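Colleague: Can you read through this structure? Questions will come right after.
The values are calculated or read from the model by the stated rules, or taken from the named source; none is laboratory data. Just so it is clear, the model here is predicted, and its values are computed rather than measured. Neighbour counts are summed over all protein chains in view; Cβ atoms, including those assigned to glycine, are modelled from backbone coordinates with ideal geometry. Quick note on the areas: whole protein, heavy atoms, side chains included, nothing else; ligands and nucleic acids left out. Shrake-Rupley method; radii C 1.70, N 1.55, O 1.52, S 1.80 Å.
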Amino acid sequence: MKKIVFEPDEEFNNQRIDKYLSAAMESMDYSRSYIQKLIKDNLVTVSDTVVKANYKVSCGDIVCVNVPDPKVLDVKPEDIPLDIIYEDEDLLIVNKPKGMVVHPANGHYSGTLVNALLFHCKDNLSEINGVLRPGIVHRIDMDTTGTLIICKNNATHNSIAEQLKVHSITRRYRGIVHGVIKDDELTVDAPIARSKNDRKKMAIVPGGREAVTHVKVLKRFKQYTYAEFELETGRTHQIRVHMASIHHPLLGDAVYGPAKCSIKNLQGQTLHAMTIGFNHPRTGKYMEFSADLPDYFEKLLKSLPE
């Protein structure tokens, strides 16, 4: 059983505890329905008293969430080739291919990046994120390609996690969006939280978590724009949500973009995590790595009418 303690600020006064916890625990990937189940199972207390989902939190409350240990799943090492850009005793940088899930989850317990890492690194992976996510300190969507940092030990994991927290890691993406962006450069600064209408989606929500994306146009086509996105923050689906919010959703994004697209056979959003830079946890030296655009992405750029 893992105990997580929160102390609400004044801004959350009089907010339902299930709503408060769904926001407070968003980065931990706990859904509101799961949090409501924890409350129903008497695993959430305020000042040592069990509460119901309609309890209104107040500044000064001590909210304690008792999360049961996850069921131990037999995540097996699999001899899946890895595109390793860099590796040392503390970490490795991998170039994740399109269609590969980062870690095991419902419906994906085989063929994930974690399965491949368990084979390549054996027991040399950080343990902080549990048995389903060894070595994983951040992630990208299944259909997004590109650079990921993998941590081989807990000290490295903590260092990278702290750099992510203070937004000191360089993360530049490349993507193709619908429509022609007029400005050469722009910044989207809009808070993101779980959508109130669809819990599987993220959305621009007043009072959500700060989210900032810097956009730079690389090339304009007749109906599309090829752009670079630099993340100042790293929220779930940040680039996808931000670009959709300014009416330039990512090409191939069926969740946040149009249901139909004139370009056939796209496999998810055209988004590539090209560059990642950070201070090495052991040496303190700044390091930066890039992954070339996948072949399908290059061919798509060449095929778009100008």
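Colleague: Which net charge results when you count Lys and Arg as +1 and Asp and Glu as -1 among the other residues whose beta-carbon is under 13 Å from that of residue 97? Write down the numbers at each step before the final one.
Modeller: Numbers: positive: 96, 98; negative: 83, 141, 143, 292, 295.
Neighbour charge sum, excluding residue 97 itself: -3.
Colleague: In whole Å and largest first, what semi-axes does the C-alpha gyration tensor of the range 175-306 yield when each eigenvalue is scaled by 5 and square-rooted? Before the final figure, lay out the partial values.
Modeller: Working: eigenvalues 115, 94, 39 Å².
After scaling each eigenvalue by five and taking roots: 24, 22, 14 Å.
Colleague: The list (1) 0.98; (2) 1.02; (3) 1.25 gives values of Rg/Rh (Cα atoms, Kirkwood Rh), and only one came from this structure; which label was calculated from it?
Modeller: Entry (1).
Colleague: Normalised by the residues of the range 67-194, what does the relative contact order come to in percent, with Cα pairs under 8 Å and at least six apart?
Modeller: Normalised by residue count, the contact order of the range 67-194 is 23 percent.
Colleague: Of all trypsin sites (Lys or Arg not before Pro) in the range 110-180, which ones are in loop regions per DSSP and have a Cβ with at most 15 other Cβ atoms within 10 Å?
Modeller: Passing sites in the range 110-180 are 122.
Colleague: Can you work out the accessible area per residue across the chain, with the rest of the protein chains kept in place, probe 1.4 Å, in square angstrom?
Modeller: 52 Å²
Colleague: Next question. From the residues 208, 258, 236, which one has its Cα farthest along the dipole of the range 206-273 in the positive direction, the dipole being from +1 and -1 charges on Cβ of Lys/Arg and Asp/Glu about the Cα centre?
Modeller: 258
Colleague: Ok, one more. Can you tell me the convex hull volume per residue for the range 102-230, based on C-alpha atoms, in Å³ to the nearest whole number? Intermediate results must be reported in sequence, preceding the final value.
Modeller: On the way: hull volume 19.8 nm³, N = 129.
Taking only Cα atoms, the range 102-230 has a hull volume of 153 Å³ per residue.
Colleague: Additional query: For the range 219-228, just list the computed ³J(HN,Hα) in residue order, Karplus coefficients 6.51, -1.76 and 1.60, θ = phi - 60°, integers in Hz, with x standing in for Gly and Pro.
Modeller: With coefficients 6.51, -1.76 and 1.60, one gets 7, 9, 10, 4, 10, 9, 9, 9, 9, 10 Hz.
Colleague: Another question, then. Grab the other residues whose beta carbon is less than 11 angstrom from that of residue 58, score K and R as +1, D and E as -1, and report the net.
Modeller: -3
Colleague: Something else about it: What ratio of Cα Rg to 2.2 N^0.38 Å holds for the range 228-306?
Modeller: 1.34
Colleague: Moving on to the next point. Which percent of Cα-Cα pairs in the range 28-186 sits in each 5 Å bin, short to long?
Modeller: 2, 7, 14, 16, 15, 13, 12, 10, 8, 4, 1, 0
Colleague: Follow-up. Alpha carbon centre of the range 47-113 versus the range 164-211: separation in Å?
Modeller: One Cα centre to the other: 22 Å.
Colleague: Order the peptides 279-286, 41-48 from the highest to the lowest mean number of other Cβ atoms within 10 Å of their residues.
Modeller: The most tightly packed comes first, giving 41-48, 279-286.
Colleague: Okay, next question. Under a Cβ-Cβ cut-off of 13 Å, what is the net charge of the residues other than residue 180 that fall near it, where Lys and Arg count +1 and Asp and Glu count -1? Before the final figure, lay out the partial values.
Modeller: Numbers: positive: 182, 219, 220, 222; negative: 183, 184, 306.
Local net charge: +1.
Colleague: Let me ask something additional. Within the accessible area of the range 70-207, what % is carbon and sulfur when the probe is 1.4 Å and the other protein chains stay in place?
Modeller: After summing per-atom areas, the C and S share lands at 50 percent.
Colleague: Something else now. On alpha-carbon atoms, Rg over Rh for the range 93-158 using Kirkwood Rh?
Modeller: My calculation of the ratio gives 0.93.
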